[in-house]
Amino acid sequence: MKPSLMLLLLIIPGILAAAVEPLVTPQWVHDNRDNSALVLLDLQENQNYLRFHIPGSINTNYAQWRVEKKGQLKNMPPVPVLEKLIGSLGIDNNSHVVLIPLGASAGDMATAARVYWTFKVLGHDLVSILDGGLVGYA
């Protein structure tokens, strides 16, 4: 492989990660829905997800993203637990994850912000939140 091509292959993921916006619009999701690297991660409770969700989205239970420690608020699970959870959702290092909260309340958006922060702590910068959530998409 030519050195210039190798360098380009190493640089492009960093450029793409830097280009990922923290908030994406419903139109952006619609326009990019066929991108194989895109993972739409629905943060609703399962019974709500079964009633309505963005086609192709994957549901995750928010409780899996937090653990209880005696005398403390809910904390981030250990990294190996998160790696297993994230892998089980079909997410890899090249996935652009778009978090989809219901978007009906500030609490819904706080849930998305917490999961967003978790991805960032793990070094996964290809993550965005759907602006307005599912309510904004509908």
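Bear in mind these aren't lab numbers, they're just calculated from the coordinates by the rules spelled out. In this text the structure is predicted, and so the values were computed from the model without any measurement. Because the Cβ atoms are built from the backbone with ideal geometry, glycine has one as well, and the counts that use them run over all protein chains shown.
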- Relative exposure of 88, 128, judged by other C-beta atoms within 10 Å (fewest first): 88, 128
- Write out the chymotrypsin sites (Phe, Trp or Tyr not before Pro) in segment 31-105 meeting two conditions: DSSP loop, and at most 12 other Cβ atoms within 10 Å of their Cβ. 52
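Per DSSP H run of at least 4 residues, take -39500 (n - 2.57); add these up for the chain, divide by its residues and hand me the 222 nm value, nearest 500 deg cm²/dmol. Don't skip to the answer; put the middle values down first.
On the way: 6 runs with 61 residues, N = 138.
Calculated from helices alone, the mean residue ellipticity at 222 nm is -13000 deg cm²/dmol.
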- Cut-off under 5 Å, modelled amide H: who pairs with residue 41 long-range: 58, 98, 99, 100
- Item | Radius, Kirkwood style, for segment 21-137 when every pair of distinct Cα atoms is counted (Å) | 14.4
- Dipole of the chain, positive direction: furthest Cα of 117, 104, 50, with charges on the beta-carbon: 117
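So for 36, 95, 57, fewest C-beta neighbours within 10 Å to most, what's the order?
Ordered from fewest to most neighbouring Cβ atoms within 10 Å, 36, 95, 57 come out as 36, 95, 57.
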- Fraction of beta bridges assigned by DSSP in the chain that are antiparallel (%, nearest 5): 10
- Query: Taking other Cβ within 10 Å of each residue's Cβ, how do 60, 118 sort, fewest first?
  - Reply: 118, 60
